[in-house]
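S.K.: Input: one structure, supplied below.
Computed from the coordinates by the stated procedures, all read-outs in this text should not be read as laboratory data. Model, not experiment: these values are computed from the prediction. Please note: Cβ atoms are built from the backbone with ideal geometry, for glycine as well, and neighbour counts cover all protein chains shown.
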Amino acid sequence: MAPPLIQLKDIRLTFGGTPLLSGVELSVSPGERVCLIGRNGSGKSTLLKIAAGLVECDSGTRFVQPGATVRYLPQEPDFSGHATTLSYVEAGLGPGDDHYQARYLVEQLGLTGDEDPAHVSGGEARRAALARVLAPNPDILLLDEPTNHLDLTTIEWLENELDGRRCALVLISHDRRFLTNLSRATAWLDRGQIREIDRGFAGFEAWRDEVLAEEEREQHKLDRKIVNEEHWLRYGVSGRRKRNVKRLANLHALRQQRRDYRGTAGAANLAAAEADKSGKLVIEAKGASKAFGDRKIVDNFSIRIQRGDRIGIVGPNGAGKTTLVNLLTGGSEPDSGSIRLGVNLETATLDQHRESLDPRTTLADALTGGRGDHVMVGGKPRHVVGYMEDFLFSREQMRTPLEVLSGGERGRLMLARALAKPSNLLVLDEPTNDLDLETLDVLEDMLGDYEGTVILISHDRDFLDRVVTSVIVPEGNGKWQEYAGGYSDMLVQRGADLKREHAKAAEEKKDAKPAAAQPASSPKRKLSFNEKHALETLPKTIAKLQAEIAKQQKLLDDPALYAKDRKRFDAASTAMATAQAELTAAEDRWLELEVLREEIEGA
């Protein structure tokens, strides 16, 4: 077995109170694909930072194979000191790394490279950070929530990119489909320790449930043993004193063992405050259209949404998902066509922009609106502490400012605020961001029990498959189409993924300039970074192929070669044919690019 690229031994870390990490062991060898699983707050991100050398542990050792390159993707990249996204990406390159690879990845991820890091969106920041860690082609990638803020097309592109690389991976993600497709081993961080299995995420949950069931049986046996020992001490016939003392000591040890046991964290208790039933018809759109300037966002869209429907809306960032939802829910008026809302509608909305909350606000004030210690849940007052505990917040966090909450905690807070309002129509914009897998399961169950109607914007393929009854997808030029079933069903019916819409959205984004900055004529076509690179490197490739052909031709010129060495003759013939085919393709590609360059320069 190859020596590990990274090895952590007996890692211990405490931030006051219960240890976060207590004797953690983790080893990653070349080519391994490990998913790191654990509840929010279990220490996954901290452990990944220790592996990356960014956080010091209290005790334990970290070993990195000499010469191995390690790249770490943080949840919140630091752009300080960089004027553009491209300069940020190139700063991650090492000596000898290819700068064209950085430019190529920036382009593939839908960026121009000229974006000001101070004004990028969450999705753009994540794509720039991904380009930075992928460009050096490292030996091991440590990725903390790489799919957060990415649209489906970018997630699928990233999945294919990582799958095609030979580097080792350690992944933290809440995206089940992403983990299932990429992981080959699982490290479960639970109550400060790691348990590992040589199976990817697909086999993890069944194994975890077996482990927890066995643990529960062992605790039950321990409780029974303690009861039996206590009964013997009270009512048993006295034996020799030494024997009694020893048995009493054993009982104390059993009690200590029971006190030291750290049970699993409880599940969130998510429940939506439901209003009276809406009418059977919830929303009806007929030929609805919406445009911003010359760009059509929604064009001639029609749909009937009935009570109990679960509608998923997917598509690339910038395709107009939020605009479509605003139209359907009456938040904005269509330019043409009509939107009719059903009777007795009560809407609760979960907005993806969690940063809209004042970071200095306390958790309790964010839930109560600063009005005392009670939350109005379904129109009835409830003490804020009890409501917080339903969403896995502790009593001690009541006065905690929002700025110190983790991403998962902020996600649970936004859910708590949205679900407190009585509703029969839930509009959820990216509800799964930052939530751990267990909370996702509870959210899924809650939506299954919800008697109202759900409109869900999400990039989580597995969650969509589990929750929605139909999916609405952009087809380009403002056209939207509804498909029955979940995301996987949509792909089967549609016969294609969303890549063409991703490319179109990226082009539209590049061309979207302020009106004053637009020239009178159409934008001038430019060679991409990849095309420029090919133009510069293809002549060298052509020269190498010509040399290879000459070398093999010289061998074949020997008339006695076939009789003397048939294997060598066959090998030379095959090599020559391959080189000739590659030469033809390279010359055609170079000629195509050269003609394109001349057309652009002459325009």
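S.K.: Rounded, prolate or oblate: which fits segment 277-412 when a ≥ b ≥ c are the square roots of the eigenvalues of the alpha-carbon gyration tensor, with rounded for a/c under 1.5 and prolate only if a/b beats b/c?
M.R.: prolate
S.K.: Can you find, among 585, 569, 547, the residue farthest towards the positive end of the dipole of segment 529-602? Put +1 on the C-beta of Lys and Arg, -1 on that of Asp and Glu.
M.R.: 569
S.K.: So which trypsin sites (Lys or Arg not before Pro) in segment 380-447 end up in coil per DSSP with only 12 or fewer other C-beta atoms within 10 Å?
M.R.: Passing sites in segment 380-447 are 399.
S.K.: Moving on to the next point. Would you order 152, 596 from fewest to most other beta-carbon atoms within 10 Å of each residue's own beta-carbon?
M.R.: Neighbour counts put them in this order, fewest first: 596, 152.
S.K.: Please report 321, 286 as a ranked list, fewest other C-beta atoms within 10 angstrom at the top and most at the bottom.
M.R.: Lowest count first: 286, 321.
S.K.: Moving to a separate point now. Simple spin-label model, 7 Å along Cα-to-Cβ: residue 493 to residue 343 in nm?
M.R.: About 3.0 nm separates the two model spin labels.
S.K.: Over segment 529-602, what is the relative contact order in whole percent, taking alpha-carbon pairs under 8 Å and six or more residues apart?
M.R.: Averaging sequence separation for qualifying contacts and normalising by length gives 43 percent for segment 529-602.
S.K.: Moving to a separate point now. Just to be sure I understand the model, the point goes 7 Å from the Cα along the line to the Cβ. What's the resulting residue 564 to residue 218 distance in nm?
M.R.: 7.2
S.K.: A further question follows. Assuming R0 = 22 Å, what is the FRET efficiency of residue 406 and residue 25, from their Cβ-Cβ distance, to the nearest 0.05?
M.R.: Computed FRET efficiency for residue 406 and residue 25 comes out at 0.35.
S.K.: Once both labels are modelled 7 Å past Cα along the beta-carbon direction, what's the residue 441-residue 2 spacing in nm?
M.R.: 3.4
S.K.: Under a Cβ-only charge scheme (Lys and Arg +1, Asp and Glu -1), can you give me the dipole magnitude of segment 6-206 about the Cα centre, in debye to the nearest 20?
M.R.: Charge dipole of segment 6-206: 700 debye, to the nearest 20.
S.K.: Using 1/(1 + (r/R0)^6) with R0 = 35 angstrom and r between the beta carbons of residue 481 and residue 307, what's the FRET efficiency to the nearest 0.05?
M.R.: Step by step, r from the Cβ atoms, then E = 0.95.
S.K.: At 0.36 nm per residue, and after removing the present C-alpha to C-alpha distance, how many nm does the segment from residue 210 to residue 68 gain when stretched out fully?
M.R.: 47.4 nm
S.K.: Which FRET efficiency, nearest 0.05, do residue 532 and residue 191 yield, Cβ-Cβ r, R0 56 Å?
M.R.: Using R0 = 56 Å, I get an efficiency of 0.60.
S.K.: Find how much the distance from residue 591 to residue 54 grows on full extension, using 0.36 nm per residue of separation minus their present alpha carbon separation; answer in nm with one decimal.
M.R.: Going from the current span to full extension adds 188.5 nm.
S.K.: Ok, one more. Farthest toward the dipole's positive end in segment 6-206, which of 40, 70, 140, given Cβ charges of +1 (Lys, Arg) and -1 (Asp, Glu) about the Cα centre?
M.R.: 40
S.K.: Subtract the Cα-Cα distance of residue 362 and residue 598 from 0.36 nm times their separation in residues, and report this length gain in nm to one decimal.
M.R.: Residue separation times 0.36 nm, minus the Cα-Cα distance, leaves 78.8 nm.
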